[in-house]
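Taking it in order: structure first as structure tokens, then the write-up.
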């Protein structure tokens, strides 16, 4: 099982294991934003990192979650319909990987949910 400690390791693993070939291509050719650690990525899936992948050629945006494996199991990668901002934990983490590329924007998105 690959160990993920840096942004580069996260992106390399996600590109290799993306749920669809079009997402793999987009990661290779487009832009990727790491939004950091979320304690829950869907109602049925535990914590993981969420990435936004932008495909330059099609101008499509994908959201994927990389969920670490437990006790020797391999990591998993899922495509998401939306980002669960209410579960973002980046501000309470010590690691830049978990904090994400744009922590201020993530915190603002999370706070806007609590104010509405």
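Things to note:
- Residue in region 60-96 that is nearest to residue 31 (Cα to Cα), counting only those that are in contact with a helix residue (DSSP H, G or I) (Cβ under 6 Å, 6 or more places away or on another chain) and at pLDDT below 85: 90
- Failed criterion for residue 59 (all others in (1) part of a loop (DSSP other than H, G, I, E, B); (2) in contact (Cβ under 8 Å) with a residue 24 or more places away in the chain hold): (2)
- Among the conditions (1) in contact with a helix residue (DSSP H, G or I) (Cβ under 7 Å, 6 or more places away or on another chain); (2) over 15 Å from residue 77 (Cα atoms); (3) crowded, with 18+ Cβ neighbours inside 10 Å, residue 30 misses just one, which is (1).
- Flag if residue 42 is more than 14 Å from the chain's Cα centre (by Cα), in a loop (DSSP other than H, G, I, E, B) and under 20 Å from residue 100 (Cα atoms): no
The values are calculated or read from the model by the stated rules, or taken from the named source; none is laboratory data. As the structure is a computational prediction, the values presented were derived from the model and not from experiment. Virtual Cβ from ideal backbone geometry, glycine too; neighbours counted across all protein chains shown.
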